[in-house]
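The structure appears right after this line, and notes come after that.
The values are calculated or read from the model by the stated rules, or taken from the named source; none is laboratory data. Predicted, not measured: the structure shown is a model, and the values here were computed from it. Don't worry about glycine lacking a Cβ; one is built from the backbone with ideal geometry, like all the others, and counts go over all protein chains shown.
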Amino acid sequence: MPASLESKRAQILENLDGFRVEIDPDRERADIILDRAPLNVIEIPQRDQLRAVFEELDLDDRVRVIVVRAIGKHFSSGGNIAGFLEASPEHVSRLADNIAAPARCHKPVIAQNRGYTFGVGFELSLACDFRVCSETTQYALPEQRIGQIPGSGGSIRLLHMIGMQRTKDMTFRSRRISGAEAKEWGIVLECVADDKLEKTVDALVDELREFSPLAQRTIKGVLNAAQNTTVEAGIEIEGNAYGRLRNSEDFKEGVAAFHGKRKAVFRGL
């Protein structure tokens, strides 16, 4: 990377705004922790930093799984409206690029939600691979209340997850839905009692770590690429990726472990 770009990246990552990062090499886990209590409002500069952090963690060999969580009773009440008014139209039109960073990341990303998960907090969660929430969670895209629409990919991701009618219900009416309703609609993987949230996410992290990181990166890329294509095009994308994996060391190890009736030891190669 050119020195000028390295300097710019270093500036973005200096003094993280409203969140911190914790890495546990022994558990191959990184936590991105929203830490602007009590509502964890997400500021405009924070979005650039979140994108840069995801890109750095994507390259970090110590990390297999990333968890996005928050301090306190609420994941995030959304963005700072005043910050939007100060930013240029060109800047705000590109906000979705930053919030899409979890989707672009090659590693599994889990959103751990409780309490208010509104606006950009919801959109950030929707860009993750899995959402696990507590029964206290409320999800909403409330932008209609200020004469605006979601601007960081939330309405479009929801459209693909839950269909047109339910997406219109949530966006036209700024309607809040509970964690239980989100589970029923297929937005979240699990909705659990509040005191079980951390343990549920911990178990999911440990389960994901048992599989081949190369196969996980590959299936994430296949599903993301195939989501907006025809069935025939998606099958071709899948088939090409399958063929490439046939030559991987992880596949050889998986087959050997299967026949040897032992646990596979994957290295991501």
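Checking each residue in the range 98-148 for being more than 24 Å from GLY268 (Cα to Cα) and of a type in the set (Val, Ile, Thr) picks out ILE99, THR117, VAL120, VAL132, THR136, THR137, ILE146. Might you check whether a residue that is acidic (Asp, Glu), closer than 30 Å to GLU135 by Cα and assigned to a loop (DSSP other than H, G, I, E, B) occurs anywhere in the range 203-210? Checked the range 203-210: at least one residue is acidic (Asp, Glu), closer than 30 Å to GLU135 by Cα and assigned to a loop (DSSP other than H, G, I, E, B).
Take ASP202 and tell me if it is assigned by TED's automatic domain parsing to the domain that holds GLN148 and farther than 22 Å from VAL67 by Cα. No. If you go through the range 213-230 one residue at a time, do you hit one that is in a loop (DSSP other than H, G, I, E, B) and among the small types (Gly, Ala, Ser)? No: zero hits.
Restricting the range 146-199 to residues that are basic (Lys, Arg) and under 20 Å from the mean Cα position of the chain (by Cα), the residue that is surrounded by the most Cβ atoms within 10 Å (Cβ to Cβ) is ARG157.
Figure legend. Inter-residue proximity from the range 135-162: first residues closer than 19 Å to PHE75 by Cβ, second residues of a type in the set (Lys, Arg) and assigned to a loop (DSSP other than H, G, I, E, B), beta-carbon distance below 6 Å, spacing 6+ or different chains. Indicated pairs: THR136/ARG114; THR137/ARG114; GLN138/ARG176; ALA140/ARG176.
When ALA96, ALA10, ALA82, ALA37 are checked against the criterion of being assigned to a helix (DSSP H, G or I), modelled with pLDDT under 95, touching a Gly at 6+ places or on another chain (Cβ under 6 Å) and surrounded by fewer than 22 Cβ atoms within 10 Å (Cβ to Cβ), ALA96 stands alone in meeting it.
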